[in-house]
Amino acid sequence: MGQPTLNELKSKVLDPAGRLRDVISDAPRLANVVARLESDRQEILAAFDNLLADLQAAIPIDHHAADDLVSRLTTYRQKAADLLHQAYGVDLGGET
C-alpha cells in the first residue's frame, strides 16, 4: 500500500469531526475550545489548499511553509485529543 495523497490526508484528518461538534452539547463549558479548534482547522485547510495549488501548478514548494503546516497539523491533532479527553474522560467518567 502506498502513502496517502495530500487530499486523502486532508480529508481524513481535517474533515469536520462530528465528535468535536458533539462536545458542545455534551460539555458546553468547552465551547470556546471547540471554536478555537475550528478556527485552527480552517487555517490549516487554507494552508493545505495553498500547498496543493502550488503542487498542481508545479511551483517549487516552500519547505518552511510545509514544515509549518506539519507542525500546525500535529498541534491541532493533539489539541483535539486533549479536548475529547477533557469532555469524555473527565466529564463523563471515561477511562483516564
Suppose we filter region 9-43 for residues that are at pLDDT 85 or above and closer than 23 Å to D68 by Cβ; how many remain? 10
Residue check, A46 against (1) exposed (fewer than 15 other Cβ atoms within 10 Å of the Cβ); (2) modelled with pLDDT under 85; (3) of a type in the set (A, V, I, L, M), all met but one. Which one? (2)
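Report yes if H64 is in a helix (DSSP H, G or I) and in contact with a Ser or Thr (Cβ under 8 Å, 6 or more places away or on another chain), otherwise no.
Details: in a helix (DSSP H, G or I): yes; in contact with a Ser or Thr (Cβ under 8 Å, 6 or more places away or on another chain): no.
No.
Go over the candidates L92, L6 one by one and state the one that is over 15 Å from the mean Cα position of the chain (by Cα), surrounded by fewer than 16 Cβ atoms within 10 Å (Cβ to Cβ) and modelled with pLDDT under 90.
On the way: L6 fails: over 15 Å from the mean Cα position of the chain (by Cα).
Sole residue among the options that is over 15 Å from the mean Cα position of the chain (by Cα), surrounded by fewer than 16 Cβ atoms within 10 Å (Cβ to Cβ) and modelled with pLDDT under 90: L92.
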Looking at region 25-38, can you tell me whether even one residue there is without any contact (Cβ under 8 Å) to a residue 24 or more places away in the chain and outside any helix (DSSP H, G or I)? no
Taking the condition modelled with pLDDT of 85 or more and closer than 21 Å to G89 by Cβ, does L51 pass? no
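The values are calculated or read from the model by the stated rules, or taken from the named source; none is laboratory data. On a predicted model such as this, the values are computed, not experimentally measured, just so you know. Counting neighbours? That spans all protein chains shown, and the Cβs are built from the backbone with ideal geometry, glycine included.
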